[in-house]
Amino acid sequence: MRRFHDRMPIILDWRDAGAWLLGESPGAFLRPAPDDALREWVVSTRVNKAGAGDDVPALIEPIEHA
C-alpha cells in the first residue's frame, strides 16, 4: 500500500469485527494484511467522477493501459 498512501488500511477478520467495534485493544488489530488480501488493477478514469452513469459495474473491470 505504501506506493498509494502513507497509511495502511486495517483489514479485519470477521471474528475480530465485534471486538474492533467495541474498542477492545485496537492496537492488537494493527498487523499487516495477508499477502493475498489486496489486489490492484487499472480501471476506467470514470471511477473518480461522480454523476450520471457512475453506478456501472464495468467501471471496475480491468482495462489495458500503455
Could you size up the charge dipole of segment 14-60 around its Cα centre, putting +1 on the beta carbon of Lys and Arg and -1 on that of Asp and Glu, and report it in debye to the nearest 20? 120 debye
Want the number for Leu38 to Met8: 0.36 nm per residue separation, take away the alpha-carbon distance, what's left? 9.7 nm
hull vol. (C-alpha, convex hull) per residue for segment 14-60, Å³ -> 155 Å³
Cβ-based exposure ranking for Phe29, Phe4, in which fewest neighbours within 10 Å come first: Phe4, Phe29
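A short reminder: the numbers here are calculations on the coordinates, not readings from a lab. Keep in mind the model is a prediction, meaning the values are calculated, not measured. Don't worry about glycine lacking a Cβ; one is built from the backbone with ideal geometry, like all the others, and counts go over all protein chains shown.
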